[in-house]
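Structure first, commentary second.
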Amino acid sequence: MLDRLQARGTLDAGPSPLVAPDHREDGAVQEAFAMTDTTGRASSNHPPVGRRSQAHTPLVRAWIGVALVPVFFFLSFAVQTGIYALTGHDPSAGSVPLAAYLTAALPGLAIVLAPCVAAVVLGRRAVRSGVPAGLLPQVVAALLAVGAVVLTVVNR
């Protein structure tokens, strides 16, 4: 029916109300109105909100991972100090045996690398989902991870 009205010129192209019956449970009929765009044009050039937010979620989480690196660095320092204390060695007093060093350094390194690895993985996931800005948290997290490894090895 809409096509015939548009062909006659009595109905212009654009948003138009359509009436559709809505049957309620009690048997009564209620009219429901809906707006449709009969021009065939897309209303916007942007992707749907759900899709856009899903694509940006890994990017946001990657930046959260980068922001958590300093927190995990201090947590790692506390864990390493605690492990040194449990093994009975004081790293500031001088040379520490290799076994005590590895016992403290490996868990500490795992703690500080956890948010770096998460940021790299989530940044890569953001790039794969079409958000090229995901490359920046990847690079920052990788540089922070290399810095943490270098600090751990140099502190020997």
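None of the figures in this text is laboratory data; all of them are computed from the coordinates on show. Fair warning: this is a prediction, and the values are worked out from it, not measured in the lab. Note that we place each Cβ from the backbone using ideal geometry, even for glycine, and neighbour counts take in every protein chain shown.
If packing is taken as the average number of other Cβ atoms within 10 Å across a peptide's residues, how do 128-137, 113-122, 54-63 rank, most packed first? Could the numbers behind the result be given before it?
Values: 128-137: 15.9, 113-122: 20.8, 54-63: 18.5.
Final packing ranking: 113-122, 54-63, 128-137.
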- Starting from the Cα of LEU68, move 7 Å in the Cα-to-Cβ direction to define the label point; list residues of the stretch 101-128 whose amide nitrogen is under 14 Å from there. 111-123
